[in-house]
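A.B. asks: Quick one: the structure is below, questions incoming.
The values are calculated or read from the model by the stated rules, or taken from the named source; none is laboratory data. Quick caveat, the model's predicted, so the values are computed rather than measured. Please note: Cβ atoms are built from the backbone with ideal geometry, for glycine as well, and neighbour counts cover all protein chains shown. Remember, those area values only see protein heavy atoms, side chains included, never the ligands or the DNA or RNA. Shrake-Rupley method; radii C 1.70, N 1.55, O 1.52, S 1.80 Å.
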Amino acid sequence: MSFISESATGSTTGSATGSAPGSATASASAAAPAPAASARPERRTTVTDPRALRALAHPLRLALLDHLMSFGPRTASECAAVVGSTPSNCSYHLRALARVGLVEPVEAHDGRERPWRSASTGLSFGRTDDPGFAIGSDTVERALADRQVDDEAALVHRAIAQRDEQPAEWREANMLNGYALKLTSQELRELGERLDALIRPYIALTRADPPEGSDVVALHLNAFRHPDAVVAAWAAAASEVEDRP
């Protein structure tokens, strides 16, 4: 299982879709357009260093990293306004992320407060074999995965709450869809690779020359064998036995 963090830019030229609860979501960010940022070469990293995983166990650091990967270089003050902290606290945690290679400072254009940026344009959180980084019976990987799911759900709730504040073209383009698929594990892997190939040209940090009207869009893809699949199969088999004469 992989837990990948990247963000996409998009415009409202697509068609509208209906809404339904599910595991594939896309929503616009705040109505104010994000400042244009120059495209970066793609750099995707799998994080397995226990020190980096430990650093990301702090929710504010995870929020800071997610903000930088979504919106590009930002100062500690700019981050603080979004993540609900103080500039000094954000600066402290950004330096902690820098020590484990997850963020890096960039040159300030105005000679004032220096911005920070994510060291990579895409991250996946891998598993560490270091037993010292277990959390109870679970691994740091599990803790990060749970945090990511919680943060994504909170973001979707915020998007729903702010829906009426968005321009009509963004409201009509938003998606909240769910699907129950019938796949083999190999087909699921192949589907994920095909979806990734479709999405990759729109990644916010690496997209060159996005069209006018583009803004940061949150897109979350979650696909897994249904947790009820085993129980459902067992219940169906038991029902067949009971129905036999």
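A.B. asks: Once both labels are modelled 7 Å past Cα along the beta-carbon direction, what's the N177-A208 spacing in nm?
C.D. replies: 3.0 nm
A.B. asks: Give the calculated FRET efficiency between I160 and R44 to the nearest 0.05, with a Förster radius of 25 Å applied to their Cβ-Cβ distance. Mind showing how you got there, number by number?
C.D. replies: Values: r = 30 Å, r/R0 = 1.21.
In this case the efficiency is close to 0.25.
A.B. asks: Top to bottom by accessible area (1.4 Å), largest first, where do D151, D110, D215, D164 land?
C.D. replies: Output order, biggest surface exposure first: D164, D110, D151, D215.
A.B. asks: Can you give the extra length, in nm with one decimal, that the chain gains between L198 and E107 once fully stretched, where that is 0.36 nm per residue apart less the Cα-Cα distance?
C.D. replies: Details: separation 91, 0.36 × 91 = 32.76 nm, distance 3.29 nm.
Difference between extended and current length: 29.5 nm.
A.B. asks: Take the alpha carbon gyration tensor of the range 157-245, find the square roots of its eigenvalues, order them as a ≥ b ≥ c, and report rounded if a/c is under 1.5; if not, report prolate when a/b exceeds b/c, else oblate. Intermediate results must be reported in sequence, preceding the final value.
C.D. replies: Numbers: a/c = 4.51, a/b = 2.06, b/c = 2.20.
Since a/c reaches 1.5 but b/c is at least a/b, the shape of the range 157-245 is classed as oblate.
A.B. asks: In what sequence, largest accessible area first, do V103, V83 appear using a 1.4 Å probe?
C.D. replies: Numbers: V103 5, V83 40 Å².
Output order, biggest surface exposure first: V83, V103.
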